[in-house]
């Protein structure tokens, strides 16, 4: 099936099998490997991207469902070589260790901050519930999101 979608501001028209997942389109066809495949069951959130402005786990969305949509991935957050405030905050607050969950965490946090620009610690913890980190214990991730909220 031929679909057209906008990814990180750039339009793409591609032929995809009807059962291809959005995560595979992003990684394997478009070469945007920042979106990670963690569990393939929507449990971990490593594959989170924004689809028409809402955080979704791209391992649960068929590529054909994104026809006509706008997708934002971790690669699309930085502008003109400058990291997004969320990316900077994760770095500065040591909100990552292995980094595998980080793109999904940042995209989920981005969605949260678009909807709630002044979250409490409880809001952040609740907003990140669908994302699993096996390394950090979440404390510095929460600090990073709160710091980014102040800077944004």
Residue by residue through segment 130-145, note down the ones that are in contact (Cβ under 8 Å) with a residue 24 or more places away in the chain and over 15 Å from residue 86 (Cα atoms). 130, 131, 132, 133, 134, 135, 136
Selection status of residue 42, in contact with a strand residue (DSSP E or B) (Cβ under 9 Å, 6 or more places away or on another chain) and either assigned by TED's automatic domain parsing to the domain that holds residue 125 or at pLDDT below 95 (or both): yes
Pairs please, first residue from segment 90-116 and on the phi > 0 side of the Ramachandran plot, second anywhere and surrounded by fewer than 24 Cβ atoms within 10 Å (Cβ to Cβ), Cβ atoms under 6 Å, 6+ apart in sequence or on different chains. 94/140
With the checklist (1) more than 22 Å from residue 126 (Cα to Cα); (2) out of contact with any strand residue (DSSP E or B) (no Cβ under 6 Å at 6 or more places or on another chain); (3) surrounded by fewer than 18 Cβ atoms within 10 Å (Cβ to Cβ); (4) not assigned by TED's automatic domain parsing to the domain that holds residue 109 in hand, flag the one item residue 70 doesn't pass. (2)
If we keep just the residues of segment 1-33 that are in contact (Cβ under 8 Å) with a residue 60 or more places away in the chain and assigned to a loop (DSSP other than H, G, I, E, B), which is nearest to residue 98 (Cα to Cα)? 8
Taking the residues in segment 73-125 that are modelled with pLDDT under 95, surrounded by 19 or more Cβ atoms within 10 Å (Cβ to Cβ) and in a loop (DSSP other than H, G, I, E, B) as candidates, determine which candidate is nearest to the chain's Cα centre (by Cα). 101
Check segment 142-152 and report whether any residue there is under 22 Å from residue 43 (Cα atoms) and in a helix (DSSP H, G or I). yes
I want to confirm something. Restricting to segment 34-62 and keeping residues that are touching a residue at least 60 places away in the same chain (Cβ under 8 Å) and not in a loop (DSSP other than H, G, I, E, B), which single residue is surrounded by the fewest Cβ atoms within 10 Å (Cβ to Cβ)? 50
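The values are calculated or read from the model by the stated rules, or taken from the named source; none is laboratory data. Being a predicted model, the structure only gives us computed values, none of them experimental. Neighbour counts run over all protein chains shown; Cβ positions are idealised from the backbone, glycine included.
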